[in-house]
Each structure stands twice: as structure tokens, then as C-alpha cells.
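Nothing in this text is a laboratory measurement; each read-out follows from the coordinates by a stated rule. Here the structure is a predicted model, which means the values were calculated and not measured. Note that each Cβ is placed from the backbone with ideal geometry, even for glycine, and that neighbours are counted across all protein chains shown.
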Amino acid sequence: MAQKATIYKVELSVSDMDRHYYETHKLTIAKHPSETDERMMVRLLAFALNAHEQLEMTKGISTDDEPDIWQKSLSDELELWIALGLPSDKVVRQSCAKAQKVVIYTYGGRTADVWWDKIQNSTSRFDNLQVISLSEQATSELAGLADRSMKLQVNIQDGDVMVSVGDQIVYVTPTTLKSALN
């Protein structure tokens, strides 16, 4: 018998002083059986870093032709494609062709470094691609915050991120490996 997704209820309050965005999002997340707490929390962090009224979680890990998070315009144009992990060169190329802007959040320490060394040169032609690295320590600490019912507060200022649940706090400093030109 196949395992079913685990449902998480999240109240995500975002205070992004860099973009002047202050909203609370009530999210229902289906965590795929093969998805780790770390990956799910990276998904939430990526959502917070790009928070917008039209930003949506997708089926993500269970589909090949969708990102983990996307933002579509009112006319259904794909404005933002957010992927997590270490996508292949082919997936990066296809994503950049489909969306106005693509953001990849890498994590996993040494493995992510090896991936970036391998793929870096082939990404230079994509002006709409941004690649951001998250430290292994920070994502591991984020995984420790995971709970089936969460009230997350994310504060973003000068590129630094503070994620808190109750009295637990995790500090994350995303590192930009490649900036998008648009």
C-alpha cells in the first residue's frame, strides 16, 4: 500500500524589510512521503523569501514538469519558478525557457558545492536565473522546527533571515551564487 502525504498546517508571518512586504499566509502543505523535514522547511523558507499574494506551492516533488513553488500572473503567465535542491542542466534550461524568472535554492553542503562547480558555466547564458545557497547547518536547524501545526515568523533584513517558532530561533544567511539580470 502506497504511503500518503502528511498534511502540515502553517501560519507563516513574513516581515521582509528589504522588500517592504508584511503579510501572514495560511498554508496547507502536503509533505510527500519521500520528502524530508529539511526539504519541507527549505520550501517554506523559499516561500517566505519570495512571498507574494500570487505565490503558490505546487505538487512539487511528485511532478517533473512543475517547480516546488510558482507565481503566475492574472493572465496565467509563469512569472516565477522556484526549485529546490540540485536540478540537472536540462531541468535548469527548461525552467528558464518557461518562466520570466527562475530561482534555485541549493542546500546540502558539499554535495551542493560539487553540483554548482559542475553546472556553473552552463548557467551563464540564462539572464533570468538566480541561484542561492543555504548552509547545511541552517537547513538542518530549520528541520528541527518542523511540526504538523506551525506558527512561523520570518523576519528578513539586509539579506539576513531570522525564522522563529515560539522561543526557538534559526538564523539563515542565504548566499547568492548567481544573480538574475531581470
For this session: Express in whole angstrom the spacing between the alpha-carbon centres of segment 1-53 and segment 123-147.
Result: 14
Problem set entry | Listed residue (Gln71, Ser13, Met41) projecting farthest to the positive dipole end of segment 1-96, Cβ model | Met41
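Å³ per residue of the Cα convex hull, for segment 49-107? Provide the component values of the computation, followed by the final result.
Working: hull volume 4.7 nm³, N = 59.
Output value, Cα hull per residue: 79 Å³.
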Exercise. Roughly what % antiparallel, to the nearest 5, for the DSSP beta bridges in the chain?
Worked result: 65
Seminar exercise, completed: Any residue on another chain or 5+ positions along whose placed amide H is under 5 Å from the amide H of Gly109 is listed here as Glu136
Seminar exercise, completed: Expected unfolding gain across Gln3-Lys98 under the 0.36 nm per residue rule, minus the alpha-carbon gap, is 31.0 nm
Problem set entry | Dipole of the chain, positive end: most advanced residue of Ser88, Ile132, Ile156 [Cβ charges, Cα centre] | Ser88
